[in-house]
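A quick write-up on the structure given underneath.
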Amino acid sequence: MNYKRVLSIAGSDPSGGAGIQADLKAISACGCFATTAITAIVDENTVGVYGVHPVPIDFVKGQIKSVLEDVGTDAIKIGMLHSSELIRAVKESILPHQVNNIVLDPVMVATSGDKLLQDEAIATLQQELIPMVRVITPNIPEAEILSGLKINQQADLKKVAKALSCQQTVSVLLKAGHLTDDELIDVFYNAETDEFLELSSKRINTRNTHGTGCTFSSALAAFLAKQESLNDAVTHAKQYINQAIEKGAAYQIGKGNGPVHHFHNLWKEEPQLV
């Protein structure tokens, strides 16, 4: 018997709601075996980010090499890459292994508003890494930075998603959470079939949204690793994150933006009121 494997290349979150820690939980909850390459040790919690300690580039490359040459992988999720040098190193490390299912979450700003990506790295991300992945999963602020286009309303999402597709070679899941509508409609542009898929959900009144981007992109990578079609994988990842947010709203962890409930599909007990 073999596991479906997903390698997460990202930074850490000691509070457990985002980054590598969220990736491990989401990939496992979605039925795959998670491996990791840590790019940075981040000092953060539910309130904010207080420091970022980059892992030496050669050590990041070593982690990726060790995992891919031994365990291998069926998909890769890429999260926080804070510098141009690191972006190029990750690209060089994964290229020889010809992994088709690569999901990039272009992490630039934390839920708390703290900046996580150096300015000069944005162009490197656009020009060198995005064109080689299968799917990117930006939120609205990230999509505006990457495209140079302003998103003011739901009707703008399809135009911007297609603009980010690198001439229709990279599929784009553009998340609508930063709009103010009661109904959220994420837009998925499938570059492989040149079609749009709209994924709607009701807005959930909760501040427990820490790590939603990490969690969603990891779930998407897991469903792709299980050989689902792009449209099915995106649909199932959307269902997973919606339920994780809904179930996580009943809990309180930390003093700021708490995490989602990564294992909502496995835990049966109800939260205890204290």
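Miscellaneous remarks
So that you can scan it fast, the table gives a plain yes or no per residue for (1) acidic (Asp, Glu); (2) without any contact (Cβ under 8 Å) to a residue 24 or more places away in the chain; (3) crowded, with 24+ Cβ neighbours inside 10 Å:
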site: Phe223; (1), (2), (3): no, no, yes
site: Lys226; (1), (2), (3): no, no, no
site: Asp232; (1), (2), (3): yes, yes, no
site: Gln239; (1), (2), (3): no, yes, no
site: Ala244; (1), (2), (3): no, no, yes
site: Ala249; (1), (2), (3): no, no, no
site: Ile253; (1), (2), (3): no, no, no
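- When the stretch 99-149 is filtered for residues that are at positive phi and either buried (at least 21 other Cβ atoms within 10 Å of the Cβ) or at pLDDT 90 or above (or both), only Gly148 remains.
- Residue within the stretch 83-92 that is surrounded by 14 or more Cβ atoms within 10 Å (Cβ to Cβ) and touching a residue at least 60 places away in the same chain (Cβ under 8 Å) present: yes
- Taken over the stretch 213-236, the residue count meeting the criterion of being among the polar types (S, T, N, Q) and either under 20 Å from Ile151 (Cα atoms) or in a loop (DSSP other than H, G, I, E, B) (or both) is 2.
- Ile253 vs. criteria in a loop (DSSP other than H, G, I, E, B), over 19 Å from the mean Cα position of the chain (by Cα), of a type in the set (Val, Ile, Thr) and over 20 Å from Ile140 (Cα atoms): yes
- Looking across the stretch 1-14, the residues that are open to solvent by 50 Å² or more (accessible area, probe 1.4 Å) and not hydrophobic (A, V, I, L, M, F, W, C) come down to Asn2, Tyr3, Lys4, Arg5, Pro14.
- Taking each residue of the stretch 4-31 that is within 19 Å of Ile64 (Cβ to Cβ) and among the acidic types (Asp, Glu) and looking for partners that are open to solvent by 10 Å² or more (accessible area, probe 1.4 Å) and in a helix (DSSP H, G or I) with beta-carbon atoms closer than 7 Å, six or more apart or interchain, yields Asp23/Cys214.
- The stretch 158-185, residues that are open to solvent by less than 10 Å² (accessible area, probe 1.4 Å) and either modelled with pLDDT under 95 or assigned to a strand (DSSP E or B) (or both): Ser171, Val172, Leu173, Leu174, Ala176
- Checked against the criterion of being more than 25 Å from Lys175 (Cα to Cα), touching a residue at least 12 places away in the same chain (Cβ under 8 Å) and out of contact with any His (no Cβ under 7 Å at 6 or more places or on another chain), the stretch 110-124 has no qualifying residue.
- Residues that are of a type in the set (Ser, Thr, Tyr), more than 21 Å from Asn265 (Cβ to Cβ), open to solvent by 40 Å² or more (accessible area, probe 1.4 Å) and not in a strand (DSSP E or B) do occur in the stretch 190-200, at least one of them.
- When the stretch 1-37 is filtered for residues that are among the aromatic types (Phe, Trp, Tyr) and in a strand (DSSP E or B), only Phe33 remains.
- Qualifying residue in the stretch 47-57 (condition: under 17 Å from Ser93 (Cα atoms), without any contact (Cβ under 8 Å) to a residue 24 or more places away in the chain and more than 19 Å from the chain's Cα centre (by Cα)): yes
- Any chance Pro96 is part of a helix (DSSP H, G or I), under 23 Å from Ala34 (Cβ atoms) and either open to solvent by 20 Å² or more (accessible area, probe 1.4 Å) or modelled with pLDDT under 95 (or both): yes
- Residue match in the stretch 49-57 (condition: out of contact with any strand residue (DSSP E or B) (no Cβ under 6 Å at 6 or more places or on another chain), over 30 Å from Lys4 (Cβ atoms) and hydrophobic (A, V, I, L, M, F, W, C)): yes
The values are calculated or read from the model by the stated rules, or taken from the named source; none is laboratory data. Given the structure is predicted, the values throughout are model-derived calculations rather than measurements. Counting neighbours? That spans all protein chains shown, and the Cβs are built from the backbone with ideal geometry, glycine included. Note: areas computed on protein heavy atoms with side chains; ligands, DNA, RNA excluded. Shrake-Rupley method; radii C 1.70, N 1.55, O 1.52, S 1.80 Å.
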